[in-house]
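Trainee: The structure is given below, and queries will be raised subsequently.
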Amino acid sequence: MENYKDNKKSFKIIKEHLNILYIEDEKNIRIKLKEALELIVSNVYDCENISQAKDILNNYRIDIIISDINLKDENALEFIKNIRKNYATIPIILLSAYTEKNYLLEATKLKLVDYLVKPIDFKILNNAIEDAVQELIDYGNYIVDFENNTSYNILHKKLLSKDTNKELTLTAKEIELLEYLISNSNRVLSHDEIKNKLWIDAYEITDSALKNLINKLRKKIGKESIKNISGVGFKIEFA
C-alpha cells in the first residue's frame, strides 16, 4: 500500500472527516485531552465508561478508538477484545499511567496502533493519530457506503457504483455538499448551515436551489441516503 504520511494534503482531508471515540473516567484528563484531540480531528465523542462507549458505537460512525486502560471498576482490555470481534480493523490507541509488562503483553495481542503512557505529549498523540489514519487507508476503511450500492472514497473524492464498477461523476458543489454531510453525520444540518458552508453569498441562495442540489446528489447516492427532517434540515445515512 502507498504510504501517505508525507502527503499533508491527504492527511488533512481524512482528518477533517474523522470521528474519534475517546474513553476516560477522569473528568479533568478527559476534558483536556478532548481539547487536544479537537485540534487534530473534527469530531470527538467522549465518555467515561464502557456502557456509554457501546452506545456511541451503536449510534455513530466511529473511525478510531482511544481509551484509557484502567477505568473505574472496568478494564478496557476486555472491552477492546470484544470490539475486535465486530470491528477487526478499527484503529485503537490505548492510554495508561503504567508501563507494566503484563499490560503491554496483553495490549500487543489486540493489534493496537499505539500504547501511550500518561501524561500524553501532544506531538506523540498526533503521530499516533496519523498512524491510525494510515491504517484506515491501508485497510481501505475510509470508504463510505450508501444504500443504493455506491461508495464514496473521501481521499480520492470518487463515487463508485458497485453494480457496474464504474465511477459516477460528481460536480464540485455535489462533492462539497456530500463531504459536509459526511463530516457532520452525527447530526441534522439546517438549511442555513448548508447554504452558509456551500455558498459565499448564502443569503442569495433560495431553499429551492438547495433542494435541487440535494435531489441531484440523492439520484447518485440513493434517495434514502439523505434524510429530510421536516422543519429542521438534512442528515446523511450510511448503508
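The values are calculated or read from the model by the stated rules, or taken from the named source; none is laboratory data. Being a predicted model, the structure only gives us computed values, none of them experimental. Cβ placement follows ideal geometry from the backbone for every residue including glycine, while neighbour counts extend to all protein chains displayed.
Trainee: Would you mind stating whether Tyr180 is within 19 Å of the chain's Cα centre (by Cα) and without any contact (Cβ under 8 Å) to a residue 24 or more places away in the chain?
Mentor: Details: within 19 Å of the chain's Cα centre (by Cα): yes; without any contact (Cβ under 8 Å) to a residue 24 or more places away in the chain: yes.
Taking the combined requirement at face value, the residue satisfies it.
Trainee: If I filter the range 160-181 down to residues being of a type in the set (A, V, I, L, M, F, W, C) and touching a Lys or Arg at 6+ places or on another chain (Cβ under 6 Å), which single residue comes out as nearest to Asn215 (Cα to Cα)?
Mentor: Restricting attention to the range 160-181, the residues satisfying the condition of being of a type in the set (A, V, I, L, M, F, W, C) are 160, 168, 170, 172, 175, 177-178, 181.
Add one more test, that the residue is touching a Lys or Arg at 6+ places or on another chain (Cβ under 6 Å), and what stays is 168, 175.
Details: Leu168: 15, Ile175: 13 Å.
Per the criteria, the residue is Ile175.
Trainee: Tell me, which residue of the range 60-84 that is hydrophobic (A, V, I, L, M, F, W, C) and part of a helix (DSSP H, G or I) is farthest from Glu24 (Cα to Cα)? Even if it seems obvious, please write down each step before you answer.
Mentor: Start the filter on the range 60-84 by keeping residues that are hydrophobic (A, V, I, L, M, F, W, C), which leaves 62, 64-66, 69, 71, 76-77, 79-80, 83.
Applying the additional criterion that residues be part of a helix (DSSP H, G or I) yields 76-77, 79-80, 83.
Details: Ala76: 10, Leu77: 13, Phe79: 13, Ile80: 14, Ile83: 17 Å.
Filtering the range 60-84 for residues that are hydrophobic (A, V, I, L, M, F, W, C) and part of a helix (DSSP H, G or I), the one farthest from Glu24 (Cα to Cα) comes out as Ile83.
Trainee: Six or more apart or on different chains, Cβ atoms under 6 Å: show the pairs whose first residue is in the range 107-119 and in contact (Cβ under 8 Å) with a residue 24 or more places away in the chain and assigned to a helix (DSSP H, G or I) and whose second is among the β-branched types (Val, Ile, Thr) and loosely packed, with under 13 Cβ neighbours inside 10 Å.
Mentor: The qualifying pairs do not exist here.
Trainee: Suppose we filter the range 43-59 for residues that are loosely packed, with under 14 Cβ neighbours inside 10 Å and either among the hydrophobic types (A, V, I, L, M, F, W, C) or part of a loop (DSSP other than H, G, I, E, B) (or both); how many remain? Let's see the steps before the verdict.
Mentor: At the first step, the residues of the range 43-59 found to be loosely packed, with under 14 Cβ neighbours inside 10 Å are 51, 55, 58-59.
Going one step further and asking which of them are either among the hydrophobic types (A, V, I, L, M, F, W, C) or part of a loop (DSSP other than H, G, I, E, B) (or both), we end up with none.
Selection size over the range 43-59: 0.
Trainee: So Ile124 passes all but one of these: (1) assigned to a helix (DSSP H, G or I); (2) farther than 13 Å from Leu217 by Cβ; (3) aliphatic (A, V, I, L, M); (4) touching a residue at least 12 places away in the same chain (Cβ under 8 Å). Which condition number does it fail?
Mentor: Condition (4) is where Ile124 drops out.
Trainee: Here is a further query. Before we move on, is Lys5 in a helix (DSSP H, G or I), of a type in the set (D, E, K, R) and modelled with pLDDT under 95?
Mentor: Working: in a helix (DSSP H, G or I): no; of a type in the set (D, E, K, R): yes; modelled with pLDDT under 95: yes.
Taking the combined requirement at face value, the residue does not satisfy it.
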